1. When the residues of the stretch C:105-136 are filtered to those that are in contact with a strand residue (DSSP E or B) (Cβ under 9 Å, 6 or more places away or on another chain) and not in a loop (DSSP other than H, G, I, E, B), which remaining residue is nearest to ligand 4 (Cβ to nearest atom)?
2. Within the stretch C:171-191, identify whether any single residue is more than 14 Å from the chain's Cα centre (by Cα), within 16 Å of ligand 2 (Cβ to nearest atom) and either modelled with pLDDT of 90 or more or buried (at least 22 other Cβ atoms within 10 Å of the Cβ) (or both), and answer yes or no.
3. From the set of residues in the stretch A:89-102 that are modelled with pLDDT of 90 or more and touching a strand residue (DSSP E or B) at 6+ places or on another chain (Cβ under 8 Å), which is farthest from A:I254 (Cα to Cα)?
4. From the list B:S219, B:S236, pick out the single residue that is among the polar types (S, T, N, Q), surrounded by fewer than 19 Cβ atoms within 10 Å (Cβ to Cβ) and either at negative phi or within 16 Å of ligand 3 (Cβ to nearest atom) (or both).
5. Given C:I51, C:I77, C:I5, which one is out of contact with any helix residue (DSSP H, G or I) (no Cβ under 7 Å at 6 or more places or on another chain), surrounded by 21 or more Cβ atoms within 10 Å (Cβ to Cβ) and more than 15 Å from C:V194 (Cβ to Cβ)?
6. Residue pairs, Cβ under 6 Å, 6 or more apart or interchain, first in the stretch C:76-89 and away from ligand 4 (no atom under 12 Å from the Cβ), second aromatic (F, W, Y). List them.
7. Here is a list: C:A148, C:A170. Which entry is under 25 Å from C:N40 (Cα atoms) and within 16 Å of ligand 3 (Cβ to nearest atom)?
8. For D:T105, are the conditions met, namely being touching a helix residue (DSSP H, G or I) at 6+ places or on another chain (Cβ under 7 Å) and free of Cβ contacts under 8 Å to residues at least 40 places away in the same chain?
Amino acid sequence: MAEKKQKKFTNPFGTVVESLYDLFDKKAPRYLLMTIMTAFLIYLPLSSSRFTQEIMTNLFFYVVVCLGLNIIVGFAGLLHLGYAAFFAVGAYTTGILSSVYGVNFWLTLPFSIIAAVIAGLAIGAPTLRLRGDYLAIVTLGFGEIIRLTVRNLDITGGAMGLIGIQRPVLFGIVLNQITHFYYLFFILAVIAIIVSYRLHDSRLGRAWEYIREDEDAASAMGINVVQIRLYAFIIGSAFGALAGSLYAAKMTAISPESFMFIHSVMILLAVVLGGMGKIPGVILGAIIVTLIPELSRDIGQFRLIIFAVLLLILMLYRPQGIWPERQGISTKL
Amino acid sequence: MALLDIKDLTLRFGGLCAVNQLSLEIEEGSIRSLIGPNGAGKTCVFNCLTGFYKPSSGDMVFMGTSIMKKKPHLITHMGMARTFQNLRLFKQMTVMENVMSGMHCRTNAAFAGAVLRTQSQKAEEKLIREIAEECLDFVGILDKKNYMAKNLPYGDQRRVEWARALATQPKLLLLDEPAAGLNKEEKARLINLMRRIRDERKVTIFLIEHDMGLVMKVSEKIFVIDYGVKIAEGTSKEVRDNPRVVEAYLGKEETEDAV
Amino acid sequence: MSETILALKDLETRYGQIYALRGINFEVKKGEIVTLLGANGAGKSTTLKTISSLVPASAGSVNFFNEDITHLDPYAIVERGLIHVPEGRMIFKELTVLENLELGSFTLRDNVERKKRIDRVCELFPVLKERHKQMGGFLSGGEQQMLAIGRALMTEPKILMLDEPSMGLAPIIVQNIMDIIKQINSEGTTILLVEQNAKVALKLADRGYVLETGEIVMEGDADVLSKDESIVKAYLGE
Amino acid sequence: DDTAAPVDETPEGDAEGEFEGQVLFGIMVPITGSEAADGIDMENAALLAVQEINAAGGVLGYEIITSTGDDECDPSKATAAASKLISEEVVAVVGGYCSGATLPTLALYGDAGIPFVIGAANATSLIDENPGWTFMINSTGDAQAAKAVEWFEGLGVDTIALVDDGSAFAVDLKEQTKMQWEAAGHSVVAEDRVETGTQDFSAVVTSIMSANPDAVYWTAYQGLGALLIRQLRQDGYEGVIMVGDGSSAQELLDLAQAEGEGVYCTAPPVVDFLPAAQSFIEGYNENFPREPGAYAGLMYDATYLLVNAIERAGSFDGEAIKDALAATDGFEGITGPIGFTPQNTLNRSNFVILVGEGGRWQLAE
Amino acid sequence: MTTWEIFLQQLFNGLLVGSFYGLVAIGYSMVYGIIKLLNFAHADIYMSGAFAGLIILGFLNPYIGNQWLGIIVALLLSMILVGLLGVAIQRVAYRPMLKAPRLSILITALAVSMILYNTVLLMTQGQYKPFTTGLTHESFYIGALRMTETRLVLLIAALALMLMLHLFITRTMYGKAMRAIALDRDTCQLMGINVYKIIAITFFVGSALAAAAGIMAGVYYGTVHFFMGFLIGLKAFTAAVIGGIGIIPGAMLGGLLLGLLEAFGTQIPFIGSSWRDVFTFVFLILFLIFKPNGLLGRMESERM
Ligand SMILES: Nc1ncnc2c1ncn2[C@@H]1O[C@H](COP(=O)(O)OP(=O)(O)OP(=O)(O)O)[C@@H](O)[C@H]1O
Ligand SMILES: Nc1ncnc2c1ncn2[C@@H]1O[C@H](COP(=O)(O)OP(=O)(O)OP(=O)(O)O)[C@@H](O)[C@H]1O
Ligand SMILES: [Mg+2]
Ligand SMILES: [Mg+2]
């Protein structure tokens, strides 16, 4: 119906972009490009300012959380509006263990993952049978519950948050420079990308896609819908928790404001904008959402409006996301 | 003992009794049909068997085990596969991926396997592909394996559903109106295919269909239900001559119009 | 010979790169029953969808009472009296039978007239009267089909396009529906019928067209077609 | 040590051309987000100071230019903003509004060797995190709490209710007040909290009304404060109402309308009552289409103090500026004399008590 | 205050707040109901409505004063204005996206929300603005219940608006068409329903009601602020879900229920106001676990 009115122009820009994407979808060029990019990113801190490194570190952090959320939203098709709660779980687990009990940072990571898994199970197990948007509101509510709870409890430092989180020590070096965190988050992002790719091309990845496409048909094919979704929920949460732990170590101080609804929304935005389920798309989304507001800091008060307008135009122009999962006849396999 | 044994199966929606005290048996290696007027409760029987609806009472025994309280995926795991009355393909995925879904319940690689790419995971992936291709070949659309499912014509989409069901390596295959929307020629091929499935793959078939010609041609025994109650059972001739069946279902007109 | 009210000229429709219709021409005259035959994927449903504007035509035109309606919105086409009962019935599952019928006459402002038409439809399909408070989705397949046709009749269309009305119906109901189509036609509504069940369709129709991969390969009076050897072979069997 | 050097070349745009070069100051405040109003106000005050200083010949012969880092009152945005300023090689930073967002930046400025003068944020937790490079010219929460306790006692109040909005700063003030109030032998009969963005306070009002305290102390910002005051008074609460420094702007009374009469405020040195600040107010009104808010004066002082310290240090070297700042003694700002404790906090309490009369704040003392 | 007084007071407070929630929730529900969009921008429409009301009342004040007459005229004018704004937003940002994946349209909604929110932020420089009216706040008692004229009128007005909407929905074909569009847009076109027109009407009505709620909140609380929509937006969204999202009477009921729940929940000593929102959301989650389709929601029944 809407198609009737659609103008029949083919935009040259779109075609160029499309062919670029095709290039990236083939294995050989992809590996080549990735190697070049990796080399560049490893080299970058040697010749760039703190600000650049800070922004890039922030970007890597975003890549990790976006990929984590992508497992839940993009792969498994569950609308999650409270993702920030999961990196709050990670950040606070590390924060409490490290600042209150003096546990070594690296030892807090397993606890942080366990805490996220428990939280994921607690919220996922009873609610994953809910369909569609009801899950969205449950996760939204859960996000708010976590944020308000850490704000109201003493162990979490209340509204003032936790301070004095220990900096991690690696090979005898105290990680306290932005360059250290740049590399730390870079490594985490690379791991997240690899894990995402491998999950996507696996039995589990396909199962998520089946469920996303048609829940009933999937269960008729012998797929345990609730269990497979729970996997997505837990893996995605663990990604978030790990990122949260590192975030806590980098900031040395965390407070409830870092885990507000708006953060969940921005992460979701990055995922959808880039192209749900498509890993390079999600990374692109993370880049846009972190870099555009940062780079336009000088515009001052107008920048968020400009960002929003840009977002609107991008979305209208590419409704499937900038780099969507697939179009037309698939050449995959 | 029969492969599937349904005893006094009853399904109620509020006041409506969609399936009423239904009992029937499906012997291993047979092709059986279930017919009846629209709204008689045929699809409901399938939905109960595959765990989508929870029966109010009665019992269903599949391969010696009761499946009354089992979830759909477990029932598929036990060896029952189905197709849907209104196609339920994974529309945005390729034909190959659609069929690979059938192998899900026969494999078990999970997170660790996927991330670490273990030897056994790789072997499993290979197996999944092989079986899927074999099933596609069996129904005759291997050449379209890389098409997106929604772009196939209706008839081919139906075949993808069959291949997908076969890929679960079932003992019992439930087909819900597989011939709806197919033309003469395709119906003839469908009959042939059903026989091959039974003979070559040793799969028992339970069929719902409105095309009487097809039903009578392919199934040795037919069950007729109306308002959820079994009103007749027997060979095609017995059923056709049963006045209750004629009155409730076939009508006075000649009905041998198929095939 | 009565006047031509619907005419398709070189109509072409694409789904992305795939051509579903490759330039088809046909016409429907007032008071006729015309049937479209063809194998799966031949483009029958696409033809109806293009006429009712559910999918856009990529070339060619559709003329209705000498007006070009190719690029009108679907609702505007309905307002002109051309109505489409799509494949798969498409009734509103979560609305009651009565509400479904009322929506059929959405374009009508006059409530009294609406009631009158509902009564008339219920006369044709007594089952609908019995079930008027039931949710559409809980009707059986055959009842849903009757509802879909009844709902279409609420607009008192000039042309009624039916897409596979017999699909998935019990033999006894197929007969029933065909009788009703005949009756509607005899009351003055022109009918364009798409049917897999060629035998039934040709028995009902005045004229027929045969589609193959988006092109019309044969046309003629129904009784001529039903004796044509290739048709018998492909569609009627045995 | 990465000492920021002044930019040497003179830009083309400089009309007077008398300056030897330019020197970059950082301003870190929230200019977007929910706390933008006060942040923009603070930025304005700093800009005004810079404008005046430049007009008077700049600092050490250099023209001051500024760069604003928007912390959005959000900790992670604040570290990015701080990093931005550090990368731009600012000589020093003034600002700091939301305590929570300011907190994680202290270490960053410390690591980079950049002195940071905080004009508003005053949660006590900032003191613990200070690596030595931060200077707080607003009295901290405990000083304010002491002022509040003193005033309540003077009014003969015995039971109080404390209400905050869950922000780090407001909770800090509440905790301090509670501690000191109970230590003074009185009781806190109700503690309540509202979410930022709430409009309806009926639940809080009802629970306060049923606890019926002699006084209510609101420790957070004016927007919500005004709502609380209106709803308390409209529901018939007749006791004392006092608000903390976050609500000391004129805006509170404008918003509270008739209900704002008689409300007390523990305020930072608000410019309106500072004889020394009259020219500042005029200058502000000339340049910006609004009234200076609660922290404008402090921010203005922070900027002047920084320039003063640079001049005393005689260089733009971070270490030297830091030492000069620490050695500050009796610097005459418009908000009063400034000097620091060993912990780099203001060495006196600068809080005053205001009262709403005729829709304007008046000094109550 | 005695327990009985507290009860009465909170009952009334809950109803009043609940009716604001309800008015906003209706907009969420209507939009969700018709195009399955969680309209993030709706909270900002509420906020825009309050500001529109403030500005219009300012214009009207010299002519007809800023008491009830002025307020009512301002209310109606801004309802129309903001209703049109809603339609315009729908036209620009949502209609082109109707065929896109559902999450994409969520993002355009987010973008619209950010634009509205930041525009008002810029225009007000982030300041709270007094919503000055000529109403007095003298209170009187109905039994043990302390009451002001303003509150009583606002509650009645909110309930009246809901009732009017209810009649509009149930008595005309528009209501049926809206439900039908929610179920199947293509088929609606085949019924001769101008889908876009109905969607536009829906946005108009939903936005106008949110604007009404915004102005009422302005009148009641006396201040407006660019951030005022956020929390009530979340609450109204919750209310819509509790009532069964997409179901209009459900939204009204959900709003009232949530208002009452909060009013009484916060009086339970253990919960207190700092846990109020935790309480709300925990209730929501438990509620959905036990009643997954909301108060008035039906199980969607799909045939295999
Ligand atoms: N979820 C449900 N809720 C309520 N009633 C239902 C539900 N599903 C099916 N029914 C009712 O149960 C009866 C049997 O439906 P079923 O789908 O089994 O019919 P069928 O025999 O498959 O008919 P058809 O040949 O038309 O497919 C019908 O009257 C239908 O309305
Ligand atoms: N939405 C779509 N996207 C892509 N291709 C489509 C789409 N719908 C139909 N087609 C293709 O267009 C062609 C014609 O389809 P159409 O549905 O018109 O056939 P039909 O004659 O009605 O067949 P049937 O008897 O199976 O209903 C087919 O090849 C089909 O695969
Ligand atoms: Mg059926
Ligand atoms: Mg068709």
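1. If we filter the stretch C:105-136 for residues that are in contact with a strand residue (DSSP E or B) (Cβ under 9 Å, 6 or more places away or on another chain), which is where we start, we get C:131-136.
Okay, now just the ones that are also not in a loop (DSSP other than H, G, I, E, B), so C:135-136.
Working: C:M135: 26, C:G136: 22 Å.
Looking at the filtered set, the residue picked out is C:G136.
2. Keep residues of the stretch C:171-191 that are more than 14 Å from the chain's Cα centre (by Cα), which gives C:171-176, C:179, C:183, C:186-188.
Filter again for within 16 Å of ligand 2 (Cβ to nearest atom), leaving none.
Checking the stretch C:171-191: not a single residue is more than 14 Å from the chain's Cα centre (by Cα), within 16 Å of ligand 2 (Cβ to nearest atom) and either modelled with pLDDT of 90 or more or buried (at least 22 other Cβ atoms within 10 Å of the Cβ) (or both).
3. Within the stretch A:89-102, the subset modelled with pLDDT of 90 or more is A:89-97.
Checking which are touching a strand residue (DSSP E or B) at 6+ places or on another chain (Cβ under 8 Å) leaves us with A:91-92, A:95-96.
On the way: A:A91: 8, A:Y92: 8, A:G95: 8, A:I96: 10 Å.
Result: A:I96.
4. Details: B:S219 fails: surrounded by fewer than 19 Cβ atoms within 10 Å (Cβ to Cβ).
Every option except B:S236 fails the conditions.
5. Working: C:I51 fails: more than 15 Å from C:V194 (Cβ to Cβ); C:I5 fails: surrounded by 21 or more Cβ atoms within 10 Å (Cβ to Cβ).
Only one candidate qualifies: C:I77.
6. The qualifying pairs are C:L82/C:F64.
7. Details: C:A148 fails: within 16 Å of ligand 3 (Cβ to nearest atom).
One residue alone meets the criteria, C:A170.
8. Numbers: touching a helix residue (DSSP H, G or I) at 6+ places or on another chain (Cβ under 7 Å): yes; free of Cβ contacts under 8 Å to residues at least 40 places away in the same chain: no.
Spelling it out, it is not the case that D:T105 is touching a helix residue (DSSP H, G or I) at 6+ places or on another chain (Cβ under 7 Å) and free of Cβ contacts under 8 Å to residues at least 40 places away in the same chain.
The values are calculated or read from the model by the stated rules, or taken from the named source; none is laboratory data. Worth saying up front: this structure is predicted, and the values here are computed from it rather than measured. Glycine gets a Cβ as well: all are built from the backbone with ideal geometry, and neighbour counts include every protein chain shown.
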